[in-house]
Amino acid sequence: MQKRRLGKSDIFVSPIGMGCWAYGGGEYWGKQNQDDVNRVVSLALDMGINLFDTAEMYNNGASEISLGQALRGRREEAVICSKVSPSNAYEGELQKHCEASLKRLNTDYIDVYMLHWPLDPISIKHFTDDPKKISEPPAVQEAFGALLDLKKQGKIREIGISNFGHEQMKEVLDTGAEPVMNEMTYNILSRAIEKEVLPYCIEKDISIVGSMALQQGLLAGIYQKPEDVPPHQAHSRHFRHERGKGTSRHGEAGAETEVFEVVQRLREIADGMGIHIAQLSIAWVLAKTGIACTLVGSRNEKELLSNIKAAELNLTTELVREIDRLSEPVLEKLGHNPDYYENPKNSRIR
């Protein structure tokens, strides 16, 4: 599988990466069998996939533990990307949290260590209920100074960011840090980064690693109508806020009609090509300039083998443009706010 370079670094990654949020099992994704994780990670490495994305908050550290177990004996073949929560990015705390992640992952270094969300009160309150941390977030210079120290110590190879807008990226670059990647939601139904974030990343040679390539199952064709989507997965701005049943924060009307019209049309296109809608959706992301890798959540070998086939697809320019046109009504309805869980007034991404 042909590798793509992360930013200006010497790290090269597969175009398809493994999203590891479900590893270890937890409330959001349910139980996850470790034997399945071991098998799917081993198969991924055998097939040329080398990027594995996790975070300290994923299942309260269980994801990192599970990934560390699955990589036992093959650590050097993998590019591990993990994230520290913004509530833990104070100079006196960040190093301790990195060391805790290293221990859970059973490794001496993390290839790319990311700040999970930008440093602002709205962002931080999703990670802690400590009023002092919420009212006094870590300073950008403080957080990235600590990350630079970790890089000097060899505990991390490169610095990354996740969910940072173009203004926030400018602030990071002003600290002297050079993030090699920005992990952002990007898929056919979530194209907000195209206006400002993606062009800025291309300009500054910051690779985009796309998350939620299948929009939590929507672009895998799992759901036929909005009512089929579990409430805890229907709290994004794609759905009317009532659909989340207390979990939605955006207060918007959503774009349910437009979303499911796109999904139906994608099914028809995929059927006509003799492929799965999920493969078509992943291939569309990989066809876009500036995307180094897109993350997929393969929970077993069958899902992984299906997803890998997307990397073999070469969509024509005409087809990519057709899909762009099909999804334009969703983009127009949701706008260019890259935070798909908060309305523009409370967006954590700027």
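The values are calculated or read from the model by the stated rules, or taken from the named source; none is laboratory data. Note that the structure is predicted; figures quoted are calculated from it, not measured. Here the Cβ is made from the backbone with ideal geometry for all residues, glycine too, and neighbour counts use every protein chain on show.
Below are the figures for this structure:
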quantity	calculated
Region 113-139: number of residues that are of a type in the set (A, V, I, L, M) and touching a residue at least 60 places away in the same chain (Cβ under 8 Å)	2
Selection status of ASP53, more than 23 Å from PRO86 (Cα to Cα) and either within 17 Å of the chain's Cα centre (by Cα) or of a type outside the set (Lys, Arg) (or both)	no
Close pairs (9 angstrom Cβ cut-off, 6 or more residues apart or separate chains): closer than 18 Å to SER281 by Cα in region 191-205, among the charged types (D, E, K, R) and at pLDDT 95 or above anywhere	ARG191/ASP324; ARG191/GLU328; ALA192/ASP339; GLU194/LYS288
Single condition VAL320 does not satisfy, out of (1) modelled with pLDDT of 95 or more; (2) assigned to a helix (DSSP H, G or I); (3) within 20 Å of the chain's Cα centre (by Cα)	(3)
Residues (at pLDDT below 95, part of a loop (DSSP other than H, G, I, E, B) and either in contact with a helix residue (DSSP H, G or I) (Cβ under 7 Å, 6 or more places away or on another chain) or surrounded by 15 or more Cβ atoms within 10 Å (Cβ to Cβ) (or both)) located in region 236-247	LYS245, THR247
Residue that is more than 16 Å from the chain's Cα centre (by Cα), touching a residue at least 24 places away in the same chain (Cβ under 8 Å), closer than 19 Å to GLN34 by Cα and crowded, with 24+ Cβ neighbours inside 10 Å, where the choices are ALA70, ALA78, ALA89, ALA62	ALA70
So GLN264, is it assigned to a loop (DSSP other than H, G, I, E, B), of a type outside the set (Gly, Ala, Ser), more than 24 Å from the chain's Cα centre (by Cα) and loosely packed, with under 15 Cβ neighbours inside 10 Å	no
Test: ILE222 is of a type in the set (A, V, I, L, M) and not in a loop (DSSP other than H, G, I, E, B)	no
Search result, residues across region 246-281 that are out of contact with any Phe, Trp or Tyr (no Cβ under 9 Å at 6 or more places or on another chain) and on the phi > 0 side of the Ramachandran plot	GLY246, GLY251, GLY274
Test set (1) aromatic (Phe, Trp, Tyr); (2) touching a Phe, Trp or Tyr at 6+ places or on another chain (Cβ under 9 Å); (3) closer than 23 Å to TRP21 by Cβ; (4) not in a loop (DSSP other than H, G, I, E, B) - TRP284 fails condition number	(2)
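Results for (1) surrounded by 15 or more Cβ atoms within 10 Å (Cβ to Cβ); (2) out of contact with any helix residue (DSSP H, G or I) (no Cβ under 9 Å at 6 or more places or on another chain); (3) within 27 Å of VAL79 (Cβ to Cβ), shown as yes or no for each residue.
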position	(1), (2), (3)
ILE277	yes, no, no
ILE282	yes, no, yes
THR294	yes, no, yes
LEU305	no, no, yes
ILE308	yes, no, yes
ASN314	no, no, yes
LYS333	yes, no, no
TYR340	yes, no, yes
